[in-house]
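Asks: If you scroll down you'll find the structure; I have some questions about it.
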Amino acid sequence: MQVKRILVPVDGSELTDRAIEASLALAAQLGAEIVGFVAVLTSSLLPRPRQDRREAAADSLGDDDEDVSSAGPVLARFESMARAAGVPFEGVLDQVPSIGKAIIAAAASHRCDMIVMVTHGRGAFGEFLFGSQTKAVLAGSNLPLLVLH
């Protein structure tokens, strides 16, 4: 199987650099393109403890815009690093209700052959509280998945 396009979900966290650097090195070796992907959860779908829907809607005004605007610099930096490495790059930003499902859908819609992700390694308790996007992608995708820790 020849890898031509690699989806790399990034979130701007401290682990983002690890995903960027590893995926660029891999893409350069394989002669592949990178699709940098940022998924922003739509705040209207985030659970809000002890609030009714009207209060949650009022509190969420502007949250999506702030998350989307903070994602732009992450993709711009990734693009700049890809350009410096001589790796073709496409940046994608999407507002989604589910990160794991969005990663799988983005890989399919952008015709990616592989996914490179960084796991936060929260352990069993953290996974119980926050879920595991990596686990969701592994279970829901047939593509090769390179997981960095």
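The values are calculated or read from the model by the stated rules, or taken from the named source; none is laboratory data. The structure displayed is predicted, hence computed values, not measured ones. Positions of Cβ are generated from backbone atoms using ideal geometry, with glycine treated the same way; all protein chains shown enter the neighbour counts.
Asks: Taking A124, is it at pLDDT below 95 and of a type in the set (A, V, I, L, M)?
Replies: Yes.
Asks: While we're on this one: List, please: which pairs have Cβ atoms under 8 Å, are six or more places apart or on different chains, and start with a residue in the stretch 125-149 that is surrounded by 10 or more Cβ atoms within 10 Å (Cβ to Cβ) and end with one that is at pLDDT below 50?
Replies: Matching pairs, first to second residue: K135/E127.
Asks: Just need a number here: residues in the stretch 1-41 that are of a type in the set (S, T, N, Q), more than 20 Å from H110 (Cβ to Cβ) and either in contact with a Pro (Cβ under 6 Å, 6 or more places away or on another chain) or part of a helix (DSSP H, G or I) (or both). Explain how you work it out, then say what you get.
Replies: Taking the stretch 1-41 first, the residues of a type in the set (S, T, N, Q) are 2, 13, 16, 23, 29.
Then keep just the ones that are more than 20 Å from H110 (Cβ to Cβ); that gives 13, 29.
The next check asks that each one be either in contact with a Pro (Cβ under 6 Å, 6 or more places away or on another chain) or part of a helix (DSSP H, G or I) (or both); those that pass are 29.
Qualifying residue count, the stretch 1-41: 1.
Asks: Being modelled with pLDDT under 50 and among the hydrophobic types (A, V, I, L, M, F, W, C) is true for just one of L15, L24, L41, L45. Which residue is that?
Replies: None of the others qualify; the one that does is L45.
Asks: So M81 ticks every box in (1) at pLDDT 90 or above; (2) farther than 18 Å from I20 by Cβ; (3) surrounded by 13 or more Cβ atoms within 10 Å (Cβ to Cβ) but one. Which box is left unticked?
Replies: (2)
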